[in-house]
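Notes follow the structure.
The values are calculated or read from the model by the stated rules, or taken from the named source; none is laboratory data. Treat the numbers as computed from the prediction; the structure is a model and nothing was measured. Heads up, the Cβs are rebuilt from the backbone with ideal geometry, glycines too, and the neighbour counts pull from every protein chain shown. Ligands, DNA and RNA are excluded from the accessible area calculation, which covers all protein heavy atoms including side chains. Shrake-Rupley method; radii C 1.70, N 1.55, O 1.52, S 1.80 Å.
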Amino acid sequence: LTAGKCPQIDAARVIADLRELDRRTGGPGGARRLAWTDEWREARALLGELLSQIGISSDRDEAGNVWARLEGDEEPAVAIGSHLDSVPSGGWLDGALGVLAAAGVMRSWVSSGQRPPRSLALVDWADEEGARFGHSLFGSSAFSGTFDAPHAGELCDQTGQRLADVVAADGVDSRRALEAGRRRARLGCYLELHIEQGPVLERRGLRAAAVSGCVGIERHRCRFIGQTGHAGTTPMTSRRDAGLAACAAALELEQIAVRCAGTATTGSLTLRPGIPTAVPGEAEMLVDVRHAEAAQLHVMLQAVLGAARAAADTRRCGLRVERVWGIAPIEFDETLVVLAREACAEIAGSDFALRSGALHDAAEVARVLPVAMIFAPSRGGISHAPEEDTSDADLTAAIETFDRLCTKVLISRGPIAERVA
Ligand code: HGY
Ligand code: MN
Ligand code: MN
């Protein structure tokens, strides 16, 4: 079988499905598909509708990941997908593109009446974003076996609700989430389409690119403890202002990231009591540190923790640090990345691979299966914001490139890739 004889994806249909998803779960304020909420369930209901139109049923594993299979001539299956959940006020494409493109790949095979040379498995990973509990890649880490249930279950959101309790309302027992790993046995590799969420492709004028791997991340909660006092009577020279300690630390993190050629983000800063008439006696900051190299990530983290300690000491505050979550950097499968680059060259007219600074389920899956990804450009490099967008022409090119990658893997002979889990 050659690629030319295989069915081709209807990219316009995939874009129409994305718009329908946006109509149901997005709007001017951005995507509202925060994991474990009604809007997320509604997004998943739409996926269920699309799959049943194709004539494919779906089920959920112990971590709440949704799976759908299309039987082919050979096993193991080629897994394709991404995540339907979004950050609050997120973009319409982050994650959704990969899931609905995966449905498009399945639709093309079913409507052609041809049986795929290998089985296909669609997956919609649960809670990729980790926006609420700070734990990214919930479902894919359970699948890959790195999920730490006792630690993760106790993570709390801003309102003090425990992760274990929240996921239980969706029928997920976090203590049993690792059982999702049983699905690995029938899978040979994993392919994911995603928007870049950064400026590289647009600056280079590329409509699609291959992804060579993902950065590593350390995510920590730093609590500065000072003394709450009256804003009008506590002398400036005798304050123990936890808020200013946190702010000083945040500014220092920026310098560390620049020095180390990584990224450091203070994405959340909460002052308590949080009123204009009191010196903050407590400040909580959530820090996300990223680097492509494990050794450098470690160096950065030590510098960040040192800066937090110094800022606390300067303002006579206490400091408590808690590691929320982390992931080591990872390279994707060489053989599959070559196929991804070929697909880019054939469909999008360019051959380029880049390392992702954004995190993806693929980064977890790559620990147990050969993985490759395709990126579509992001307008202005903006993502995790309602302004996130990609032109229809670029979406079409990237969707067709992903489809070509899937075809290449489906028609490849022998083991799917060099590295076998
Ligand atoms: O955090 C991330 O990089 C991602 O978009 N989930
Ligand atoms: Mn994403
Ligand atoms: Mn995201």
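Given Glu387, Glu400, which one is outside any loop (DSSP other than H, G, I, E, B) and either open to solvent by 50 Å² or more (accessible area, probe 1.4 Å) or without any contact (Cβ under 8 Å) to a residue 60 or more places away in the chain (or both)?
Numbers: Glu387 fails: outside any loop (DSSP other than H, G, I, E, B).
On inspection, the qualifying residue turns out to be Glu400.
Would you check if Ile195 is farther than 24 Å from Trp67 by Cα and touching a residue at least 60 places away in the same chain (Cβ under 8 Å)? No. Remark: pairs (first residue in segment 16-27, within 18 Å of Leu395 (Cα to Cα) and free of Cβ contacts under 8 Å to residues at least 60 places away in the same chain; second residue of a type in the set (A, V, I, L, M) and assigned to a helix (DSSP H, G or I); Cβ separation under 9 Å; 6+ apart in sequence or on different chains) = Glu20/Leu46; Glu20/Leu50. For Ala343, indicate whether it is open to solvent by less than 10 Å² (accessible area, probe 1.4 Å) and away from ligand 3 (no atom under 16 Å from the Cβ). It is true that Ala343 is open to solvent by less than 10 Å² (accessible area, probe 1.4 Å) and away from ligand 3 (no atom under 16 Å from the Cβ).
Starting from residues that are closer than 24 Å to Ser119 by Cβ and outside any strand (DSSP E or B), keep the ones in segment 73-95 and report whichever is nearest to ligand 2 (Cβ to nearest atom).
So, considering only residues that are closer than 24 Å to Ser119 by Cβ and outside any strand (DSSP E or B), the one nearest to ligand 2 (Cβ to nearest atom) is Gly95.
Residue-by-condition table, conditions (1) within 16 Å of ligand 2 (Cβ to nearest atom); (2) among the charged types (D, E, K, R); (3) under 18 Å from Ile195 (Cα atoms):
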site: Ala307; (1), (2), (3): no, no, no
site: Val337; (1), (2), (3): no, no, yes
site: Ser356; (1), (2), (3): yes, no, yes
site: Arg367; (1), (2), (3): no, yes, no
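Of Ala209, Ala245, Ala283, which residue is open to solvent by less than 10 Å² (accessible area, probe 1.4 Å), closer than 30 Å to Leu339 by Cβ and under 32 Å from the mean Cα position of the chain (by Cα)? Write out each step before concluding.
Working: Ala245 fails: closer than 30 Å to Leu339 by Cβ; Ala283 fails: closer than 30 Å to Leu339 by Cβ.
Ala209 is the lone residue from the list that is open to solvent by less than 10 Å² (accessible area, probe 1.4 Å), closer than 30 Å to Leu339 by Cβ and under 32 Å from the mean Cα position of the chain (by Cα).
Taking interchain pairs and intrachain pairs at least six residues apart, which have beta carbon atoms under 7 angstrom, with the first residue in segment 102-123 and in a loop (DSSP other than H, G, I, E, B) and the second open to solvent by 10 Å² or more (accessible area, probe 1.4 Å)? Pairs that qualify, where the first residue is in a loop (DSSP other than H, G, I, E, B) and the partner is open to solvent by 10 Å² or more (accessible area, probe 1.4 Å), are Gln114/Pro7; Arg115/Asp73; Pro116/Leu70; Pro117/Leu1; Pro117/Asp73; Pro117/Glu74; Pro117/Ile411.
Using the structure shown, decide if Ala169 is more than 16 Å from ligand 1 (Cβ to nearest atom), buried (at least 16 other Cβ atoms within 10 Å of the Cβ) and of a type in the set (Gly, Ala, Ser). If you could, list the steps in order and put the result at the bottom.
Numbers: more than 16 Å from ligand 1 (Cβ to nearest atom): yes; buried (at least 16 other Cβ atoms within 10 Å of the Cβ): no; of a type in the set (Gly, Ala, Ser): yes.
For Ala169, the condition - more than 16 Å from ligand 1 (Cβ to nearest atom), buried (at least 16 other Cβ atoms within 10 Å of the Cβ) and of a type in the set (Gly, Ala, Ser) - is not met.
Quickly run through segment 109-143 and pick out the residues that are hydroxyl-bearing (Ser, Thr, Tyr) and either at pLDDT below 95 or open to solvent by 10 Å² or more (accessible area, probe 1.4 Å) (or both). Correct list: Ser111, Ser112. Suppose the filter is assigned to a helix (DSSP H, G or I), at pLDDT 95 or above and away from ligand 3 (no atom under 16 Å from the Cβ); does Ala312 pass it? Spelling it out, Ala312 is indeed assigned to a helix (DSSP H, G or I), at pLDDT 95 or above and away from ligand 3 (no atom under 16 Å from the Cβ).
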